[in-house]
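*Asks:* Quick one: the structure is below, questions incoming.
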Amino acid sequence: MQDFGVLHLPHGDVETPVFMPVGTQATVKSMTPEELKDEVKSHIILSNTYHLFLRPGPELIKDAGGLHKFMNWDRNILTDSGGFQVFSLGDMRKITEEGVEFRSHIDGTKKFISPEKSMEIQNLLGSDIMMCFDECAPYPASRDYVEKSMAMTARWAARCKEYHKNTENQALFGIIQGGMYEDLREKSIQDLKALDFPGYAIGGISVGEPKEMFLKILRHTAPLMPENKPRYLMGVGTPDYLIEAAISGIDMCDCVIPTRMARNATALTHYGRLNMLNACHERDFTTLDPDCDCYTCKNYSRAYIRHLFKSKEILGARLLSIHNLRFLVRLMEDVRDAISQDLLTEFKQDFYKKYGYEEM
RNA sequence: GGAAGAAUGUCCGAGUGGCUAAAGGAGGCAGACUGUAAAUCUGUUAGCGUAUGCUUACGAUGGUUCGAAUCCAUCUUCUUCCA
C-alpha cells in the first residue's frame, strides 16, 4: 500500500501527481477562474514571467495586489522563469553569461532578463512557486553545446537562490538540464542538489525528441532526483507522457496541449483523440467521452461542438478547453487512486489499450 | 428601343493565343500541435489510373489557328447608363 503526496502551499494543499493548466498571460486561455475551480477542479496553475514582464509589467501587477488578486485566482500559481522563451523565441534573443537579451515579440524593443531580474519579477508577481532562470537547450543539440548550457544554468541557479529572499511565501525550484545526455543530466542533478532547493524540475525534454528518447531521459533522471522533495516535469504533456511521468515518480506536470488543442478543435478522450472538425461528427449527437464527468460532456453533443468550430464560434474553444483540462486533471486523480491501490502499472495498461497507445 | 460592360472550377476572383487542369481567397476534406510569438500551422481539393498518362472543363453553338479561357460570329443571361 502506497500513498500519493501532498504539496503544502500558501494557497492550499495540492495532491500529487498533479497536472497544472498553463495560464501564460495571467489567464488560462478562454477559462474563468470559476470554471478552473468548479469544472476543471484544478488547484494550481502556471503563469509566465517573460510574458507578464512585457505586458502589463510586474509593477502594475504588484500595484493590483499581486498576480492572484489581479487575475482573481485564489489558489496556487507557479510562475515559469522565462527560461522556456530562451528556447521558443529562437533567434529573437541573445544569450550571455550575464543573462538573455530578448527582442520583444510585441514591439521589437530590447528586454534583458538575468537570473536576478527573473527573481525580481517573480517576487513582484507573488507566485507560490518560482522557477530558476534557465536555458532550455533545443533538440537536437551537440553535447558540447548542452554541456556549456547546462553548466551556465547551474551558475544561474546559484544566482537565483542568492537573490531570492522571500522564501517563506515563495518556494524557488531548481531546473535540471542536460539535454539528451544521461551523464550530463547526472551532473546537472549534482550541481543543483548542492544548492538545496525545496523542489526540482526536469527541463529541456519534450522539445521535439522521439518518445523513446523522452522515456530514456525521464527514466534515467527522475529516480536520481531528491526523494523527499517535489519533482516537476516541465512541459508535459499528452496522456501517455503524464502516466509515464507518474510511474517514474514525477509529482507535477504542466502543458499547453489541452488548451491549445482545444482551440484547434482536438478533444482528448479515453478512446483517443477526436478532431471535432471531422465530417464523421456532423450528425453525432453523442457526448465527447462517455467516461468523462465534465460540464461539456454532461451538456453538449459532438454535433453541436463540431457546428461551433465550423462556425468559428468561440464557445467551441471554451467547451473543449473545459473538457481537455478536466480530462488531464481527472487523469491524474485516477493516477493517484491507482497509486494508493498500488495498481499504477495495471492502470497504464488499461489506459493504453483503451486509448490506442503502443506500449513502450 | 439604344449604348456600354460582364459571364472562369463548390463560391468569390486573377488570367487576354502555347509555360493553364487554370494565380489568390473562401468553402470542403485530412493532418500537426508537449515550461503558449499558436482561436495557429501544414497538406489536399475536376474524373479515372500506382504512374508516364488519358478524359472532361473557363455561359451555349459554330468558326479562325499547328494550338483558344484568351481572337471572330450568332445566341442566351445579367449589370450599368441613355430615351
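*Asks:* Filter region A:105-118 down to the residues that are part of a strand (DSSP E or B) and without any contact (Cβ under 8 Å) to a residue 24 or more places away in the chain and list them by number.
*Replies:* Matches in region A:105-118: A:110, A:112.
*Asks:* Just give me the residues in region A:253-304 being more than 23 Å from residue A:15 (Cα to Cα), more than 8 Å from RNA strand B (Cβ to nearest atom) and in a helix (DSSP H, G or I), in sequence order.
*Replies:* Of everything in region A:253-304, those that are more than 23 Å from residue A:15 (Cα to Cα), more than 8 Å from RNA strand B (Cβ to nearest atom) and in a helix (DSSP H, G or I) turn out to be A:262, A:281, A:296, A:297, A:298, A:299, A:302, A:303, A:304.
*Asks:* Just one of the numbered conditions (1) within 22 Å of residue A:256 (Cα to Cα); (2) hydrophobic (A, V, I, L, M, F, W, C); (3) touching a residue at least 24 places away in the same chain (Cβ under 8 Å) is not true of residue A:92; which one?
*Replies:* (3)
*Asks:* Kindly establish whether residue A:29 is under 21 Å from the mean Cα position of the chain (by Cα) and open to solvent by 60 Å² or more (accessible area, probe 1.4 Å). Outline the logic, then answer.
*Replies:* Values: under 21 Å from the mean Cα position of the chain (by Cα): yes; open to solvent by 60 Å² or more (accessible area, probe 1.4 Å): yes.
Answer is yes for this residue.
*Asks:* Would you check if residue A:102 is touching a residue at least 24 places away in the same chain (Cβ under 8 Å) and open to solvent by 70 Å² or more (accessible area, probe 1.4 Å)?
*Replies:* Working: touching a residue at least 24 places away in the same chain (Cβ under 8 Å): yes; open to solvent by 70 Å² or more (accessible area, probe 1.4 Å): no.
Judged against the criteria, residue A:102 is not a match.
*Asks:* Restricting the search to region A:215-250, which residues are surrounded by fewer than 24 Cβ atoms within 10 Å (Cβ to Cβ) and among the aromatic types (Phe, Trp, Tyr)?
*Replies:* A:241
*Asks:* Considering only region A:122-142, I want to know if a residue exists there that is assigned to a loop (DSSP other than H, G, I, E, B), within 15 Å of residue A:58 (Cβ to Cβ), open to solvent by 20 Å² or more (accessible area, probe 1.4 Å) and not aliphatic (A, V, I, L, M). If you could, list the steps in order and put the result at the bottom.
*Replies:* Pass one, region A:122-142, residues assigned to a loop (DSSP other than H, G, I, E, B): A:126-128, A:132-142.
From what's left, within 15 Å of residue A:58 (Cβ to Cβ): A:126-127, A:133.
Subsequent filtering for residues that are open to solvent by 20 Å² or more (accessible area, probe 1.4 Å) retains A:126.
Checking which are not aliphatic (A, V, I, L, M) leaves us with A:126.
Within region A:122-142 (the criterion being assigned to a loop (DSSP other than H, G, I, E, B), within 15 Å of residue A:58 (Cβ to Cβ), open to solvent by 20 Å² or more (accessible area, probe 1.4 Å) and not aliphatic (A, V, I, L, M)), the answer is yes, since at least one residue qualifies.
*Asks:* Within region A:329-341, does at least one residue satisfy the condition of being in a helix (DSSP H, G or I), surrounded by 20 or more Cβ atoms within 10 Å (Cβ to Cβ) and among the charged types (D, E, K, R)?
*Replies:* Within region A:329-341, not a single residue is in a helix (DSSP H, G or I), surrounded by 20 or more Cβ atoms within 10 Å (Cβ to Cβ) and among the charged types (D, E, K, R).
*Asks:* Do we have any residue at all in region A:122-129 that's at negative phi and among the charged types (D, E, K, R)?
*Replies:* Applying the first criterion (at negative phi) to region A:122-129 yields A:122-125, A:127-129.
Then drop every residue that is not among the charged types (D, E, K, R), which leaves A:128.
Yes, that holds for at least one residue.
The values are calculated or read from the model by the stated rules, or taken from the named source; none is laboratory data. Since this is a predicted model, take the numbers as computed values, not measurements. Using ideal geometry, Cβ is built from the backbone for each residue, glycine included, and neighbour counts are taken over all protein chains shown. To get the accessible areas, we keep the full protein, side chains included, count just its heavy atoms, and leave off ligands, DNA and RNA. Shrake-Rupley method; radii C 1.70, N 1.55, O 1.52, S 1.80 Å.
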